[in-house]
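Written below as structure tokens is the structure these notes are about.
Readers should treat all values here as calculations from the given coordinates under stated rules, not as data from a laboratory. Since we're looking at a predicted model, the values are computed, not measured. Neighbour counts run over all protein chains shown; Cβ positions are idealised from the backbone, glycine included.
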Amino acid sequence: MAMKIVVTGGAGYIGSHAVHTLVEEGFDVVVVDNLSRGHQVAVDRRARLVVMDLHETERLARVLEGAAAVWHFAAWSVVSHSVHDPLAYWDMNVTGSVSLLRAMHSAQVKRLVFSSTAATYGIPKSLPIREDAPQAPINPYGQTKLAVERAIADLQGADPEFSATILRYFNVVGCAFGLGEDHRPETHLVPILLQAAAGLRDHFAIFGDDYPTPDGTCVRDYVHVADLVKAHRLALAAMEPGDRRVYNVGLGAGWSVRELVATTRAVTGRDFPVRVKARRSGDPPALVTDPTRITRELGWSPRHRDIADAIASQWSWMLENPEGWRRLEEVPA
Ligand code: UFG
């Protein structure tokens, strides 16, 4: 019988890529998503979608029955939104995750891969960032993800058989398998750049060019979504009872906002106006990982290292789906 994996947030950008990959590999995939951010049409039809909140602990425990593992993507993840509505983030990300852990405990599901973030490091004292760097988030989003990391560790203290791998993602780009990135409202750099290139925005705004970085704009480490999903697969395959593992997932290279503007212009062949605006609250100047641990321990070796290719994959998806997932959502097949 196929191994059952429950994927929370499987209708989202990263989760939908993970679901497709697991289904292709023959897993029995159950998606739990409240569709507050995700898109039903992004869920591979071979997976079973259960539309529900993580907060419904008892129902969730029933959904989890017989699962071998949980991949926990479901969360809100917009830094600036978390600054303005912190309690919504604590409720969604922390209370939701605690409910999931309770449900896992009662259904005796003991393997978890958790989506954490580079935002838990705050402003790092030095770059690149290793997993043992101090965690001092500078925004509520990072605080909530760190709180869940600690809840997992505490649960592991009480249940020595509970295994968890925490993946701290850096910035995620690219798309594959006919899937794409479609947030409403959109706040992420690459989709916004592409909307500007497509003429859907009259300009692109750089949020601050007075950071202590080489060109004054923020630097991020961009990892392709397919390589990120691969990290989950390797994490699951390596998991032993009682494991407590933490890995940063990024390439170990940084690109500035201005560099991405130039790359987007080159990839799309389209020019668009750029304006420098004030800094966005909660943004650290630079986040770049040291990928040594995941490379050495899991044998993770990212296949997509070219940011131009990653942006090109998103540009193709946008040209094929000018309204994102919306058109398909309005006319369900
Ligand atoms: N940016 C702009 N203009 C825009 C949008 C973004 O200048 O219109 C800048 C931001 O200020 C930031 C960079 O582009 O410096 C990247 O911004 P994103 O919103 O794409 O990503 P973040 O770095 O804020 O956050 C992302 C994820 C988080 C995750 C974090 C980890 O959204 O969930 O990466 O590095 F925690």
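Points worth noting:
- Percent of Cα-Cα distances greater than 13 Å, calculated over the range 100-167: 65 percent
- Under the convention that each Lys and Arg Cβ holds +1 and each Asp and Glu Cβ holds -1, the size of the dipole of the chain around its Cα centre is about 200 debye.
- On Cα atoms only, tilt of 225-238 relative to the major axis of the chain in degrees: 30 degrees
- In this structure, the amide hydrogen of V249, modeled 1.01 Å from its nitrogen in the peptide plane, lies closer than 5 angstrom to those of R168, Y169, F170, counting only residues at least 5 positions away or on a different chain.
- Calculated Rg and Dmax of the range 49-205 using C-alpha coordinates, Å: 17.4, 55
- Sorted from longest to shortest, the spans of the Cα atoms of the range 116-236 along the three principal axes equal 55, 38, 24 Å.
- Each of I138, I129 was scored by other Cβ atoms within 10 Å of its Cβ. Arranged with the fewest first, they read I138, I129.
- Over all pairs of different C-alpha atoms, the range 2-138 has a mean inverse distance whose reciprocal, the Kirkwood radius, equals 15.7 Å.
- Under 5 Å, built H, 5+ apart or other chain: amide partners of D28: M3, K4, I5
- Placed amide H near F204: partners under 5 Å, 5+ positions off or other chain: V274, R275
- Within a Gaussian network of the chain (alpha carbon springs, distance under 10 Å), most fluctuating of L194, L101, L234: L234
- By the count of neighbouring beta-carbon atoms within 10 Å, fewest first, S115, S316 end up ordered S316, S115.
- Neighbour cut-off at most 14 other Cβ (10 Å), DSSP loop, GluC sites (Glu not before Pro), the range 1-67: E25, E65
- Lysines with Cα under 29 Å of K277, excluding same-chain neighbours fewer than 8 positions away: K125, K145
- Least to most buried among D53, D132 (fewest other Cβ within 10 Å first): D132, D53
- Estimated [θ] at 222 nm from DSSP helical runs (n ≥ 4, -39500 (n - 2.57)) normalised by residues in the chain, nearest 500: -11000 deg cm²/dmol
- The range 94-119 residues near the modelled T57 label - backbone nitrogen below 13 Å, point 7 Å along Cα→Cβ: 95-107
- For the chain, built as a Gaussian network whose Cα springs stay under 10 Å, the top-fluctuating residue of A107, A18, A226: A107
- The alpha-carbon of K4 sits under 20 angstrom from the alpha-carbons of these lysines, leaving out residues fewer than 8 places away in its chain: K110, K230.
- Normalised per residue, the volume of the convex hull around the Cα set of the chain (Å³): 127 Å³
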